[in-house]
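Enquirer: This is the structure I want to talk about, given as structure tokens.
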Amino acid sequence: MRLSQYFLPLLKETPSEAQIASHRLMLRAGMIRQTAAGIYTWLPLGFRVLQKVEQIVREEQDAAGALELLMPTLQPAELWRESGRYEDYGDEMLRFKDRHKREMLYGPTNEELITEVFRQAVRSYRDLPKNLYHIQWKFRDEVRPRFGVMRGREFLMKDNYSFDVDKAASLVSYFRMFKAYMKTFKRMGLTPIPVRAATGPIGGDLSHEFHVEAETGESQLYFDSEIEKLDEDKIDPASPTVQDELLHWYAATDEKHDAAAFARVPEARQRVARGIEVGQLFYFGTKYSAPMKATVAGPKGDTVAVEMGSYGIGVSRLVGAIIEAFHDDDGIIWPESVAPFRVGLINLRPGDKQCGEACDQLYHRLMGSGIDTLYDEREESPGAKFATMDLIGLPWQVIIGPRGLKQGVVELKERKTGAKQELSLDAAVARLVGLR
Ligand code: ATP
Ligand code: MG
């Protein structure tokens with residue numbers, strides 16, 4: 001992409017309404033614009049990152065055996081009356097009527113709707129287990145939307161729902177998601193901390209939240225620091241021993257915190273930190289299936305209400321959380337897996353024929369090798385170009401100017417370390433292609 005043709009409205013001033021780094025940087029780097037309180041437009045650069053995050057979430061869901069579908073954002077109130085949640089949910093739910101005066105709502109979550117989809121279709125335990133997911137916008141009329149996309153009112157969530165014949169099978173589905181979540185967040189460069197959590201309006205008695213440590217996080221966490229070393233590849237979701245181990249590891253939000261149990265963790269490993277909640281798992285048994293009559297014929301010819309769990313990931317919140325984890329004073333530092341472009345190419349002297357030719361050549365070779373490159377060929381000062389690239393945080397920069405070209409070299413800069421290296425244009429292409 002040529003920067004002169006792109007849509008990248010940067011802000012020079014630090015926006016005063018933004019209290020935390022990720023919100024400030026997303027506004028300054030032209031990733032988002034606020035449309036109304038807690039409601040954002042995703043501009044091209046931000047949208048690219050959102051889609052990368054979404055795709056990682058999708059791939060790990062698919063790999064874990066979940067099936068993607070797409071439910072609507074709008075739902076009829078009557079479904080929520082069946083579960084009893086229509087009255088319970090409170091002011092966070094956006095309610096309205098259509099032209100026929102039918103009561104509708106903008107979905108804050110989808111337990112009722114998926115239960116309706118399931119009960120219409122599945123009749124026998126032989127068709128279980130099933131795990132269905134979608135990635136869809138949610139609306140929750142948060143009392144205090146803040147921190148940009150971290151606590152929005154409209155936000156993108158991946159939510160899935162498992163259906164099993166009994167509790168033991170449902171726990172296997174639960175821990176399969178536990179494992180998938182560890183993988184998902186690690187692929188984004190994050191260190192996820194899974195903690196025992198309260199269940200809130202979703203209900204049930206078993207829940208984990210996945211957090212990313214950050215001083216600006218809204219949750220207080222208490223955990224055994226060894227949990228950061230948890231190797232998800234070693235998790236066998238079907239093993240009761242493994243399940244038990246994961247349940248007994250000390251890691252909890254303040255609501256679930258037990259000071260006496262925490263005191264038994266070796267002192268050097270006791271960690272108290274702030275965290276951003278990026279995902280949550282719930283096992284809630286028959287809370288929805290029983291009142292909504294989502295039943296199947298069981299193995300003994302009996303009728304059983306299916307055992308369910310639900311699992312959410314805050315896709316749009318993750319974009320903010322990743323920035324909280326990876327930035328410095330100059331801007332964002334994207335992990336490769338979610339970067340909007342892999343390489344930023346800077347032409348230091350756009351008017352110069354040799355510079356233009358070298359840049360064009362590099363640009364075409366990188367794009368030809370499938371490496372997304374943002375090419376800054378604008379008439380701007382070198383300082384402004386460097387600052388823009390550092391702000392938007394692409395992992396690699398290639399800087400081409402007349403002085404280097406005379407010696408046959410270009411400069412390769414790694415955003416994360418700031419390390420610079422001079423090498424030939426061919427070697428630069430080979431390095432960047434080799435990194436993929
Ligand atoms: P929170 O405690 O932060 O309000 P929650 O526990 O109510 O979140 P869940 O029902 O667990 O939210 O939703 C699944 C995921 O969706 C959360 O883990 C979080 O990452 C994301 N999420 C929830 N609310 C918001 C919001 N207002 N803005 C952005 N993301 C959100
Ligand atoms: Mg939650």
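The values are calculated or read from the model by the stated rules, or taken from the named source; none is laboratory data. Since this is a predicted model, take the numbers as computed values, not measurements. Cβ coordinates were reconstructed from backbone atoms using ideal geometry, including for glycine residues, and neighbour counts include every protein chain displayed.
Enquirer: Among the residues of region 194-227, write down those that are more than 12 Å from ligand 2 (Cβ to nearest atom), within 16 Å of the chain's Cα centre (by Cα) and under 23 Å from T109 (Cβ atoms).
Expert: P194, V212, G217
Enquirer: Go through region 239-269 and count every residue that is surrounded by 13 or more Cβ atoms within 10 Å (Cβ to Cβ), part of a loop (DSSP other than H, G, I, E, B), modelled with pLDDT of 95 or more and not hydroxyl-bearing (S, T, Y).
Expert: Summing the residues that are surrounded by 13 or more Cβ atoms within 10 Å (Cβ to Cβ), part of a loop (DSSP other than H, G, I, E, B), modelled with pLDDT of 95 or more and not hydroxyl-bearing (S, T, Y) in region 239-269 gives 2.
Enquirer: State yes or no: is A273 surrounded by 12 or more Cβ atoms within 10 Å (Cβ to Cβ) and in contact with a Pro (Cβ under 7 Å, 6 or more places away or on another chain)?
Expert: No, not satisfied.
Enquirer: Would you list the helices (runs of 4 or more DSSP H) that sit entirely within region 1-116 and hold 2 or more residues that are within 30 Å of I332 (Cβ to Cβ), in contact with a Gly (Cβ under 6 Å, 6 or more places away or on another chain) and in contact (Cβ under 8 Å) with a residue 24 or more places away in the chain?
Expert: 21-28
Enquirer: How many residues does region 188-212 contain that are surrounded by fewer than 16 Cβ atoms within 10 Å (Cβ to Cβ) and within 11 Å of ligand 1 (Cβ to nearest atom)?
Expert: 3
Enquirer: Taking region 228-246 as the search range and keeping residues that are of a type in the set (A, V, I, L, M, F, W, C) and either in contact with a Ser or Thr (Cβ under 9 Å, 6 or more places away or on another chain) or closer than 21 Å to V272 by Cα (or both), which one is nearest to ligand 2 (Cβ to nearest atom)?
Expert: Top of the filtered list is L246.
Enquirer: Restricting to region 368-423, and then to whatever is of a type in the set (S, T, N, Q) and surrounded by 21 or more Cβ atoms within 10 Å (Cβ to Cβ), can you tell me which residue is nearest to G320 (Cα to Cα)?
Expert: Within region 368-423, the match that is nearest to G320 (Cα to Cα) is T388.
Enquirer: A further question follows. Limited to region 244-272, what total is found for residues that are within 16 Å of ligand 1 (Cβ to nearest atom), in contact (Cβ under 8 Å) with a residue 40 or more places away in the chain and out of contact with any helix residue (DSSP H, G or I) (no Cβ under 6 Å at 6 or more places or on another chain)?
Expert: Residues that pass the stated criteria total 4.
Enquirer: Turning to a different aspect of this structure: Out of K179, K183, which single residue is among the basic types (K, R), away from ligand 2 (no atom under 16 Å from the Cβ), more than 29 Å from A21 (Cα to Cα) and surrounded by 15 or more Cβ atoms within 10 Å (Cβ to Cβ)?
Expert: Only one candidate qualifies: K179.
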